[in-house]
Amino acid sequence: MTYENDSTNKNPAAAARGGELASDFTVSVHYDSRLYHEDIESSVAHARMLGRQGIIPADDVDRIVDGLAKIMAEIEAGEFEWDPELEDIHMNVEARLYELIGDAAGRLHTARSRNDQVATDTRLWTHTACSRAFEAAGLLQTALVELAEKHIETIVPGYTHMQRGQPVVLAHHLMAYFEMFDRDATRFAQAAESADVMPLGSGAMAGVPYPIDREWVADQLDFSEISRNSMDAVSDRDFIVEFLTASSLAMAHLSRLAEELIIWSSDEFGFVSLTDEFTSGSSIMPQKRNPDFAELIRGKTGRVYGSLMALLTTIKGLPLTYNRDLQEDKEGLFDAADTVITSLESAAGMISGLTVNADRMRQAAENSFVLATDFADYLVGKGVPFRAAYIAVSDLSKQCIEAGKGFGELELEDFQAASTLFDEGVLEITLESAVAARDVAGGTAPDRVRAAIAEAKRLLAEAD
Ligand code: ARG
């Protein structure tokens, strides 16, 4: 095999742009420069493979690999001069390689296209983002478990329709979020698996006419699999949609948690207070500590949903194979990854530093009718059909409200006026007995919650 150099063109990478100024409209380097690590890493593996297969000369491989290492160092030192005229990360790196090593640079793009290159870079980047999101979810889960462990006996009203419903222990409420973030973590792990397929070797879309070794490259880049169809490999971005879906659901859960922290830290509730690190003062009202982090998590949920919707819309109706529309995949991906990871980490920080006002929680449960279901259940224990028991206790609570009394102030006679089947046993129903009675798998009985926390810790240790 002979290798020829076309020395008439000093920078073919730049020339490939057609010599025209790129209009801002097509430029992506201001954001896709974030792919530099993946881009250089995959170029190194590709160049080495070309050398091993005898497709390009070994000394050119050395020059290419050295040059790419220099470029990596320049970028990391902040010394690389990004040129928007070269449009994207790929052309910027290749053009710089020409400056550094001359014509040997022209061999790097043998048996490769920007189409399989960008798909490969983006898959590598998404895979890393999935791992980071998975870890951040784990941080938050750990914070939730640690706080829950301290509040296995702390009683708080459980709400439906934002009305006090039944007493629960605070740990049970916190562990509900543990479950949500556990599923989110699983989804990030699944998205990582979907991203873990290497497109390189697909060329522009039909494959390449060189004796390449895709398996070897995949191995170098830590991909578990290579893509089975070149046309699919260069033109689908479903793996990003999966990451954005996982991110959107995580943001939905974070937003619920944030909302509760906002409500619970209000003067009206006073259930919790957030550390100063996660609040800020008002510019005019000196007394205020605003829950800004929680509000921003809630607010930023929208932009992550937006990225998901944008990409779903971008890919619909695209004819096979690569179309430039696909360049629109990256900004949403980067933004969503930044947002979901920082939001998970901030939520972990808020939960770790949370001060719980157990007395306020207890008062809220005491000054309420959260034991109503337990009184009805008591009558059921005496043989009354649940519906009839429900009506008796409903009447009783209406009378209490009229008389301005709480359940705690009722005498046995008051109960018996509602149903003759009430006896002294009813006076033993307390917030504690109510939670302890919910001794079913998944229930709020402290022993069940203790077991759930132990199981959660086991899951976290396993994921580590
Ligand atoms: N910047 C482009 C993108 O992100 C790279 C691929 C360009 N390929 C092409 N045939 N124009 O999609």
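The values are calculated or read from the model by the stated rules, or taken from the named source; none is laboratory data. These figures come from a predicted structure and were not determined experimentally. Every residue, glycine among them, receives a Cβ derived from its backbone with ideal geometry; neighbour counts consider all protein chains shown. Remember, those area values only see protein heavy atoms, side chains included, never the ligands or the DNA or RNA. Shrake-Rupley method; radii C 1.70, N 1.55, O 1.52, S 1.80 Å.
Looking only at the range 167-195, count every residue that is out of contact with any helix residue (DSSP H, G or I) (no Cβ under 6 Å at 6 or more places or on another chain) and either assigned to a helix (DSSP H, G or I) or polar (S, T, N, Q) (or both) and tell me the total. Steps first, answer last, please.
Initial filter on the range 167-195 (out of contact with any helix residue (DSSP H, G or I) (no Cβ under 6 Å at 6 or more places or on another chain)): 168, 170, 173, 176, 179, 182-183, 186, 190, 193.
Subset that is either assigned to a helix (DSSP H, G or I) or polar (S, T, N, Q) (or both): 170, 173, 176, 179, 182-183, 186, 190, 193.
Within the range 167-195, residues that are out of contact with any helix residue (DSSP H, G or I) (no Cβ under 6 Å at 6 or more places or on another chain) and either assigned to a helix (DSSP H, G or I) or polar (S, T, N, Q) (or both) number 9.
Select from the range 262-303 the residues that are open to solvent by less than 40 Å² (accessible area, probe 1.4 Å), within 19 Å of the chain's Cα centre (by Cα) and closer than 20 Å to His173 by Cβ and list them in ascending order.
Ala294, Ile297
Within the range 62-100, count every residue that is open to solvent by 40 Å² or more (accessible area, probe 1.4 Å) and of a type in the set (A, V, I, L, M).
Our first condition is that a residue be open to solvent by 40 Å² or more (accessible area, probe 1.4 Å); within the range 62-100, this holds for 62-63, 66, 69-70, 73, 76-79, 81-85, 96, 99-100.
Next, from what is left, pick out any that are of a type in the set (A, V, I, L, M): 69, 73, 77, 100.
Going through the range 62-100 one residue at a time, the tally reaches 4.
For the condition over 17 Å from the mean Cα position of the chain (by Cα) and not charged (D, E, K, R), what is the one hit in Val168, Val241?
Matching residue, one of Val168, Val241: Val168.
For (1) away from the ligand (no atom under 16 Å from the Cβ); (2) in contact (Cβ under 8 Å) with a residue 24 or more places away in the chain, each residue gets a yes or a no:
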position: Thr142; (1), (2): yes, yes
position: Met162; (1), (2): yes, no
position: Pro167; (1), (2): yes, yes
position: Ala176; (1), (2): yes, no
position: Ala191; (1), (2): yes, yes
position: Ala206; (1), (2): no, yes
position: Phe223; (1), (2): yes, yes
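Does any residue in the range 106-127 that is closer than 12 Å to His90 by Cα and in contact (Cβ under 8 Å) with a residue 40 or more places away in the chain come within less than 7 Å, Cβ to Cβ, of a residue that is within 11 Å of the ligand (Cβ to nearest atom) and open to solvent by 20 Å² or more (accessible area, probe 1.4 Å) six or more places away or on a different chain, and which pairs are these?
Ser113/Ala204; Asn115/Ala204; Asn115/Met205; Asn115/Tyr322
Which pairs turn up if I take residues in the range 314-330 that are closer than 16 Å to Thr120 by Cα and look for partners that are near the ligand (Cβ under 10 Å from one of its atoms) and basic (Lys, Arg) with beta carbon separation below 8 Å, at least 6 apart in sequence or on another chain?
Leu326/Arg237; Asp329/Arg237
Could you please give the count of residues in the range 387-411 that are open to solvent by 60 Å² or more (accessible area, probe 1.4 Å) and farther than 20 Å from Val435 by Cβ? Outline the logic, then answer.
Our first condition is that a residue be open to solvent by 60 Å² or more (accessible area, probe 1.4 Å); within the range 387-411, this holds for 387, 390-391, 395, 398-399, 401-405, 408-409, 411.
Next, only the ones that are farther than 20 Å from Val435 by Cβ stay: 387, 390-391, 395, 398-399, 401-405, 409, 411.
Summing the residues that are open to solvent by 60 Å² or more (accessible area, probe 1.4 Å) and farther than 20 Å from Val435 by Cβ in the range 387-411 gives 13.
Out of (1) in a helix (DSSP H, G or I); (2) under 23 Å from Ile212 (Cα atoms), what's the single condition that is false for Gly102?
Only one criterion in (1) in a helix (DSSP H, G or I); (2) under 23 Å from Ile212 (Cα atoms) is unmet by Gly102, namely (2).
Out of the residues in the range 107-132 that are within 16 Å of Gln190 (Cβ to Cβ) and of a type in the set (Val, Ile, Thr), state the one that is farthest from the ligand (Cβ to nearest atom). First the steps, then the outcome.
Step one: of the range 107-132, the residues within 16 Å of Gln190 (Cβ to Cβ) are 123, 126-132.
If we keep only those that are of a type in the set (Val, Ile, Thr) as well, we get 126, 128.
Working: Thr126: 13, Thr128: 18 Å.
The selected residue is Thr128.
Criterion first (farther than 23 Å from Arg34 by Cβ and surrounded by 14 or more Cβ atoms within 10 Å (Cβ to Cβ)) does Ala337 satisfy it? I'd like the intermediate steps shown before the answer.
Details: farther than 23 Å from Arg34 by Cβ: no; surrounded by 14 or more Cβ atoms within 10 Å (Cβ to Cβ): yes.
So Ala337 fails the test.
Given the conditions (1) free of Cβ contacts under 8 Å to residues at least 24 places away in the same chain; (2) among the hydrophobic types (A, V, I, L, M, F, W, C); (3) surrounded by 12 or more Cβ atoms within 10 Å (Cβ to Cβ), which single one is not true for Leu460?
(1)
In the range 45-61, how many residues are surrounded by fewer than 21 Cβ atoms within 10 Å (Cβ to Cβ), free of Cβ contacts under 8 Å to residues at least 60 places away in the same chain and either acidic (Asp, Glu) or in a helix (DSSP H, G or I) (or both)?
3
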